[in-house]
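As structure tokens, the structure follows; a few thoughts come after it.
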Amino acid sequence: MLNARDFKNVFDHARLKVSSPELLFLAVPNHLPHARLGLVIAKKNVRLAVQRNRVKRIIRESFRQQQVVTGLDIVVLARRGLDTLDNPQLHDSCNQLWKQLQRRVEKQARRQQQEQEAKSCE
């Protein structure tokens, strides 16, 4: 995601949220065949630029490697303490959150399908 409008849309309409003590993922459907990623790594939460860049690099790589979540705009927000995680811990945390997000997407899709079936039966 590149512009403020896309970020604002996710912040205002986030239907899917998953979190860990160090990260928060917000997501909204984007009606595209691929997912888009936005990163919010505040200087307040990760002090050093080197650490912020490391965190962004690892999150981007984790996003690229997971090919499960599609059709979403996802914003990843850093929380305090993120800079204390080493690379493998951060990667594992991201992978767990991607899996949680995928489960939420599937659950929401099943719920919508059941609602549509209920409406068509009436």
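Since every read-out is calculated from the coordinates, none of them should be taken as a lab result. The model shown is predicted, which means the values in this text are computed figures rather than measured ones. Every residue, glycine as well, gets a Cβ built from its backbone with ideal geometry; the counts of neighbours run over all protein chains shown.
Some points to look at:
- Helix 4-13 and the longest principal axis of the Cα set of the chain meet at an angle near 60°.
- Non-local lysine pairs in the chain, meaning eight or more places apart or on different chains, with alpha-carbon distances under 18 Å, amount to 6.
- Between Leu32 and Asn3, the simple spin-label model (points 7 angstrom out along Cα→Cβ) gives 1.2 nm.
- Reported value for the chain: 110 Å³ per residue, from the convex hull of its C-alpha atoms.
- Listed values for segment 20-35 are Karplus-derived 3J(HN,Hα) couplings in whole Hz (6.51 cos²θ - 1.76 cosθ + 1.60, θ = phi - 60°), namely 10, x, 9, 9, 10, 9, 10, 9, 9, x, 10, 6, 10, x, 9, 8, and x replaces Gly and Pro.
- Label separation (Ala109 vs Lys17): 2.4 nm, computed from points 7 Å beyond Cα along the C-beta direction.
- For the chain, the longest principal axis of the Cα atoms and the long axis of helix 49-65 meet at an angle of about 30 degrees.
- Neighbour count of at most 11 Cβ within 10 Å plus DSSP loop: longest trypsin sites (Lys or Arg not before Pro)-free window in the chain: 48-122
- Within the chain, percent of DSSP bridges classed antiparallel, to nearest 5: 70
- Stokes-Einstein translational diffusion, segment 8-55 - Kirkwood Rh over all Cα pairs, 1.306 mPa s, 10 °C, in µm²/s: 127
- Normalised contact order of the chain, rounded percent, pairs of Cα under 8 Å and 6 or more residues apart: 31
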